[in-house]
Structure formats: structure tokens, C-alpha cells
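**Student:** One structure coming up, written as C-alpha cells, with questions to follow.
The values are calculated or read from the model by the stated rules, or taken from the named source; none is laboratory data. A quick note: this is a predicted structure, and the numbers were derived from the prediction, not measured. In this analysis, Cβ positions are derived from the backbone assuming ideal geometry, glycine residues included, and neighbour counts consider all displayed protein chains.
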Amino acid sequence: MTAMDTQTIERPDVDTDETTDDETPKFFHYVKKHKIAESAVMGSHVVALCGEVFPVTRSPKPGSPVCPKCKKIYEKMKKDQ
């Protein structure tokens, strides 16, 4: 018998660094959950599904605008599972 290789895809959470002139986030991005806490504590940067790189500075509220690129990639990930 041979072992099969498996891959785990972690569901991302949402976070952002893009802001408008009044410091209101323009979009929130999907980010791997375990990277959010690390970034918030250590100040390291995270990579969103769309490729944006930024430090976690804010948490989304229900109804917050989501990056269209991240949302499209996330929906595809959900369908593929």
C-alpha cells in the first residue's frame, strides 16, 4: 500500500490595511486565521488571498466591504472542498 499525499487548506479570516481618507477601511481581505494573531502580536505582515501584503491593524465588523478578488478566490476554495 502507498500513502496518499494530502493537502489541507485553511479557511482564511478577514482583515485589512487599505483605508480611505477618513481612516475607514476600503476593503477587508481574507487571511489565514493563524496568521492574524501572529501579525497582531508580532507586527509581522500577512498575505491575503488576493496577494496584498500588510500588517493586521483592524478587525472587520459584520457587513464590512470585502475585497472582490479575495472573495472570488475564497468562493472557489469552498467549491473545491
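**Student:** Taking the condition of being hydrophobic (A, V, I, L, M, F, W, C) and either loosely packed, with under 13 Cβ neighbours inside 10 Å or free of Cβ contacts under 8 Å to residues at least 40 places away in the same chain (or both), how many residues in segment 29-81 meet it?
**Tutor:** Count: 13.
**Student:** Being touching a Lys or Arg at 6+ places or on another chain (Cβ under 9 Å) and assigned to a loop (DSSP other than H, G, I, E, B): is that true of Gly63 here?
**Tutor:** no
**Student:** Could you look through segment 14-28, keep only residues that are modelled with pLDDT under 85 and outside any loop (DSSP other than H, G, I, E, B), and pick out the one that is surrounded by the fewest Cβ atoms within 10 Å (Cβ to Cβ)?
**Tutor:** Selected residue: Thr19.
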